[in-house]
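Participant: Input: one structure, supplied below.
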Ligand SMILES: NC(=O)C1=CN([C@@H]2O[C@H](COP(=O)(O)OP(=O)(O)OC[C@H]3O[C@@H](n4cnc5c(N)ncnc54)[C@H](OP(=O)(O)O)[C@@H]3O)[C@@H](O)[C@H]2O)[C@@H](O)CC1
Ligand SMILES: Nc1ncnc2c1ncn2[C@@H]1O[C@H](COP(=O)(O)OP(=O)(O)O)[C@@H](O)[C@H]1O
């Protein structure tokens, strides 16, 4: 937690939405629009001043009725929005359109989180890896063990055999702050530092919790947190929120991804109020 202290600052009294960053989420192909909604709702509740979703599904709704604050756009206009950080991947699919939007996203001078299908596209194309390595702005990766295996061209069992080694290798190979998700998530930096997260529980083993984590990470990046600190804080908070939900009786069995968002907001405000 000491690493995070400098960044747990109360809002300036005279701040406005533009002071609190613009988070973008690129994803939501057909049948997976929910993944982008979860990430967007999470980014909004963790304090991003504005949240934009760029949805690949041409038939996607024009509004999230449960979170009308989210601005839903087509990918082209998402990339032209006033973003301060971008997450690519939740429900993005692996079609040619997704590959092309990902390439465009990589060329933007913004902190960039790659998750889910963006990681699968990255694993399948060495040209994209070169583009990621050439980026001047920070890149972050959030693979689960199978996505990590695709990125490292090995089996999931091999990743799980030595999780710290896999996380450190990913961080070095892609020049990116990386979280290898799962029980005891490992956060690794390209310089070799690594950390084990101690919060969280098997209630998180349910669809969409990774999308919510993406929203938390991009929200902190959008508000100006450095990459490593944003990753560490978001991963820890995600687990703390799940632990608090379980303590309140909403799991572990049947905990849903959306339920941890409000708990994370409450815990984050507590951290800021206490200065830790
Ligand atoms: N509401 C929506 O719209 C939602 C949409 N979503 C979107 O769906 C897309 C596909 O994402 P995905 O992760 O489901 O598929 P994929 O990358 O093939 O991974 C599956 C493989 O990974 C493995 N595995 C996973 N965790 C593991 C662990 N801890 N430890 C070990 N193994 C682990 C797992 O293992 P198995 O189940 O076989 O044991 C399986 O082999 C993506 O865009 C995402 O954003 C989802 O977010 C859900 C909500
Ligand atoms: N047994 C567990 N203990 C702690 N955290 C877990 C456990 N299982 C899953 N998680 C967490 O839940 C999230 C799952 O993410 P992911 O596999 O990408 O799911 P999805 O693609 O459905 O959103 C990760 O943050 C992971 O660390």
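Participant: Find how much the distance from residue 155 to residue 134 grows on full extension, using 0.36 nm per residue of separation minus their present alpha carbon separation; answer in nm with one decimal.
Facilitator: On the way: separation 21, 0.36 × 21 = 7.56 nm, distance 2.73 nm.
That works out to 4.8 nm of additional length.
Participant: Right, here's the next one. Using a Gaussian network model on the chain with a 10 Å cutoff between Cα atoms, which of 239, 254, 47 fluctuates the most?
Facilitator: Ranking 239, 254, 47 by mean-square fluctuation puts 254 first.
Participant: With the crude spin-label approximation of a point 7 Å out along Cα→Cβ, what separation in nm comes out for residue 108 versus residue 248?
Facilitator: 3.2
Participant: Test of understanding: in a Gaussian network model of the chain with alpha carbons linked when under 10 Å, which of 211, 57, 153 would top the mean-square fluctuation ranking?
Facilitator: Ranking 211, 57, 153 by mean-square fluctuation puts 153 first.
Participant: Residues of segment 225-247 with the amide nitrogen closer than 20 Å to a label point 7 Å from the Cα of residue 81, along Cα-to-Cβ, please.
Facilitator: 225
Participant: Something else now. Along Cα→Cβ, 7 Å out, is where each label goes; now give me the distance between the ones at residue 273 and residue 69 in nm to one decimal.
Facilitator: Taking the two extended label points, one gets 1.8 nm.
Participant: Run through the DSSP bridge list for the chain and note the antiparallel percent, rounded to the nearest 5. Could you put the intermediate results ahead of the total?
Facilitator: Numbers: 6 of 28 bridges.
Rounded to the nearest five, the antiparallel share is 20 percent.
Participant: Full extension from residue 266 to residue 126: what is 0.36 nm times the residue separation minus their Cα-Cα distance, to one decimal in nm? Write down the numbers at each step before the final one.
Facilitator: Working: separation 140, 0.36 × 140 = 50.40 nm, distance 4.13 nm.
Net length gain for the segment: 46.3 nm.
Participant: Please state the relative contact order of segment 65-183 as a whole percent: Cα pairs under 8 Å, 6+ residues apart? Walk me through the numbers on the way to the answer.
Facilitator: Values: 157 pairs, mean separation 25.2, N = 119.
Contact order relative to length: 21 percent.
Participant: At R0 = 25 Å, how high is the FRET efficiency between residue 162 and residue 205 if r is their beta carbon distance? Nearest 0.05 is fine. Walk me through the intermediate numbers first.
Facilitator: Values: r = 21 Å, r/R0 = 0.85.
Working from the Cβ atoms, E equals 0.70.
No value in this document is a laboratory result; all are computed from the given coordinates. Note that the structure is a prediction, hence the values are computed from the model and not measured. With ideal geometry, Cβ positions are generated from the backbone for all residues, glycine too; neighbour counts draw on all protein chains shown.
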